[in-house]
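Trainee: Here it is, the structure, as structure tokens.
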Amino acid sequence: MDGTALEANIPTPWLTCVLASTTLSIRTFQWEDIPALTTLENEIQIANGSSSSINKSWLEEYFGQPNLNAAEDCFVYESNNKLNGYALVSPEPAVRRAVLELKAYPNTRNHYVEEALIKRSIDRASELGADVLHIQVDQSSYLHQVLQSSGFKCARVYLSMRWSLQPFPSPQAPPGFSFRKYGMPGDAGVLANIQNSAFRGSWGFAPNTAEEIGYRVGMSITSPDCIIFLCNDHKVTGYSWTLVLKTKSTSVGVISMIGIDPKFRDQRLGRPLLHAGLEHLVSLGVEYVELEVDESNTPAIRLYHSVGFREIQPRQWYEASIADHVPPHTSTNPG
């Protein structure tokens, strides 16, 4: 990719007809786009009624993750010299999938443009060797129709849940177990190993490397203190990873992941890990706590209900098979 703009109104007549008065282009991301993307993200939050906001530094962190090559995996669209949307394709080669994020200014959303971004994202996922492309959308998102018309099908439903600081028991480690915070030498590898073990075979999970874990621990929305290990005789058997999202007036806690070593799953370690994560977030002064859970994970939902979490809305994961969209490569070698 060389960052050259693809003039949508030249090769694509159906765009010319609809957008005849607009100069529109889709091109690859450049790091100079970060300020405009930050503005875009915050405008979308406002339009969605959210008080959450992000800053330029956080977006630089996000686009700089070790598994991303933003200059080749992200596509932006501009109209009248203004950046109005983007598509980001995150590769997960270990499970032969890629994950798509698609954002657009509310007042410039146009199904033809989103469909063009989706097509380019499918092509990029194919270049990355993915078999499927996944994207998650809110229940109220306008993207449902766009995705369905682009050949995506709903593959999974997750529930967004919220906890409003109801009283809960102080975290108690079971007999023979103890809590400790992330931060010892080698903990990035320890966390990568237990996370990969805990979620191996789970839908949508891709194994992480110690490098990727270490990078994410250093991001501004989390910290080593936000990761709580539950240990048995110094062996890490489970963890709770929390995040804090800042808004203009307050902060929101997130239970990002709770994972347990499969060898210890019958010992009811999920509840003490959940309590420990909640206690940590409450100590940071969050207004409420949110999490997401697969709607088919009945035991986890029952646990979350028991401490006061309630469903906010479902969020759909859509899936497109790359083989259904990209013709197979044909050999050009003679006979």
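Just so you know, all these numbers are worked out from the coordinates, no wet-lab data involved. Only a predicted model underlies this, so the values are computations on that prediction, with no experimental measurement involved. Note that each Cβ is placed from the backbone with ideal geometry, even for glycine, and that neighbours are counted across all protein chains shown.
Trainee: Excluding same-chain residues fewer than 8 positions from K235, which lysines have a Cα within less than 18 Å of its Cα?
Mentor: Once the sequence-local lysines are set aside, what remains near K235 is K181, K263.
Trainee: If r is the Cβ-Cβ distance from S25 to D225 and R0 is 41 Å, what FRET efficiency results, to the nearest 0.05?
Mentor: 0.40
Trainee: Using Cβ counts within 10 Å as a stand-in for footprinting exposure, how do K235, K248 rank, fewest first?
Mentor: Listing K235, K248 from fewest to most nearby Cβ atoms yields K248, K235.
Trainee: Right, next: From the alpha carbon gyration tensor of the stretch 72-145, can you work out the equivalent ellipsoid semi-axes (sqrt of 5 times each eigenvalue) and give them in Å, largest to smallest?
Mentor: 22, 14, 9
Trainee: Reachable lysines from K246, Cα under 16 Å, same-chain residues fewer than 8 places away excluded?
Mentor: K56
Trainee: While we're looking at this one, here's another question. Along the charge dipole of the stretch 75-174, pointing to its positive end and built from +1/-1 on Cβ of Lys, Arg, Asp and Glu, which listed residue (P167, L100, V113) has its Cα farthest out?
Mentor: Selected residue: P167.
Trainee: What is the antiparallel percent of DSSP beta bridges lying wholly in the stretch 165-307, to the nearest 5?
Mentor: DSSP beta bridges in the stretch 165-307 are roughly 90 percent antiparallel.
Trainee: Going by C-beta contacts inside 10 Å, put D261, D266, D73, D123 in order with the fewest on the left.
Mentor: Neighbour counts put them in this order, fewest first: D266, D123, D261, D73.
Trainee: Bin by bin, in steps of 20 Å, what percent of the Cα pairs in the chain do you find, going until the bin that has the longest distance?
Mentor: Values per bin, smallest distances first: 27, 56, 16, 1.
Trainee: On full extension of the chain, what length is gained from T39 through L284, given 0.36 nm per residue of separation minus the C-alpha to C-alpha distance?
Mentor: Values: separation 245, 0.36 × 245 = 88.20 nm, distance 2.73 nm.
Extending this stretch completely gives an extra 85.5 nm.
Trainee: Compare the Cα positions of H280, A323, Y142 along the charge dipole of the chain (+1 at Cβ of Lys, Arg; -1 at Cβ of Asp, Glu; about the Cα centre) and return the one farthest towards the positive end.
Mentor: H280
Trainee: Okay, moving on. Restrict the search to the stretch 267-322; then list the chymotrypsin sites (Phe, Trp or Tyr not before Pro) that DSSP places in a loop and that have at most 12 other Cβ atoms within 10 Å of their Cβ.
Mentor: Here no loop site has a sparse enough neighbourhood.
Trainee: Moving on to the next point. Pick from S121, S306, S321 the residue whose mean-square fluctuation is largest in a GNM of the chain, springs joining Cα atoms under 10 Å.
Mentor: S306
Trainee: Return an integer: the convex hull volume of the alpha-carbon atoms of the stretch 165-307, in Å³ per residue.
Mentor: Numbers: hull volume 16.8 nm³, N = 143.
Residue-normalised Cα hull volume stands at 117 Å³.
Trainee: How many angstrom separate the Cα center of the stretch 64-125 from the Cα center of the stretch 194-258?
Mentor: Their Cα centres are 26 Å away from one another.
Trainee: Computed FRET efficiency, Cβ-Cβ of S149 and T250, R0 45 Å: what is it to the nearest 0.05?
Mentor: Calculated value: 0.70.
Trainee: Here is a further query. Full-extension gain between E212 and V307, please, as 0.36 nm times their residue separation minus the C-alpha to C-alpha distance. Could you put the intermediate results ahead of the total?
Mentor: Working: separation 95, 0.36 × 95 = 34.20 nm, distance 3.16 nm.
So the extension gain works out to 31.0 nm.
Trainee: Give me the angle, in degrees from 0 to 90, between the Cα long axis of helix 34-47 and the longest principal axis of the Cα atoms of the chain, rounded to the nearest 10.
Mentor: Once rounded, the angle reads 70 degrees.
Trainee: Rounded to whole Hz and in sequence order, give me ³J(HN,Hα) for the stretch 149-163 from the Karplus expression 6.51 cos²θ - 1.76 cosθ + 1.60, θ = phi - 60°, writing x for Gly and Pro.
Mentor: After applying 6.51 cos²θ - 1.76 cosθ + 1.60, I find 6, 9, x, 7, 10, 5, 10, 7, 10, 10, 9, 7, 10, 10, 10 Hz.
Trainee: Find the relative contact order for the stretch 211-256 and round it to a whole percent, using C-alpha pairs within less than 8 Å whose residues are 6+ positions apart.
Mentor: Details: 52 pairs, mean separation 11.7, N = 46.
The normalised contact order for the stretch 211-256 reaches 25 percent.
Trainee: With a cut-off of 8 Å between alpha carbons and a minimum separation of six or more residues, what is the relative contact order of the stretch 124-235 in percent?
Mentor: So the answer I get is 28 percent.
Trainee: Using only alpha carbon pairs under 8 Å that are at least six residues apart, calculate the relative contact order of the chain and give it in whole percent.
Mentor: 19 percent
Trainee: Another question, then. Go through K119/K248; K153/K248; K103/K153 and tell me which ones have a Cα-Cα distance over 25 Å in this structure. Could you put the intermediate results ahead of the total?
Mentor: Working: K119/K248 36 Å; K153/K248 36 Å; K103/K153 19 Å.
Cα-Cα > 25 Å for K119/K248; K153/K248; rest within.
Trainee: If I stretch the segment between L165 and I46 completely, what's the gain in nm (0.36 nm per residue apart, minus their alpha carbon distance), one decimal?
Mentor: Gain on extension, L165 to I46, equals 40.3 nm.
Trainee: For a quick protection proxy, order the peptides 89-97, 218-226 by their average other-Cβ count within 10 Å, most packed first.
Mentor: Ranked by mean Cβ neighbours within 10 Å, highest first: 89-97, 218-226.
Trainee: When R27, R156, R268 are ordered from fewest to most other Cβ atoms inside 10 Å of their Cβ, what list results?
Mentor: Final ranking by Cβ density, sparse to dense: R268, R156, R27.
Trainee: OK, next. Charges at C-beta only: +1 for Lys and Arg, -1 for Asp and Glu. How large is the resulting dipole of the stretch 206-324 about its Cα centre, in Debye rounded to 20?
Mentor: With Lys and Arg at +1 and Asp and Glu at -1, about 360 debye.
Trainee: Now for a different question. Between A71 and D324, what FRET efficiency comes out of the Förster formula 1/(1 + (r/R0)^6) with R0 = 25 Å and r the beta carbon distance, rounded to 0.05?
Mentor: About 0.35, to the nearest 0.05.
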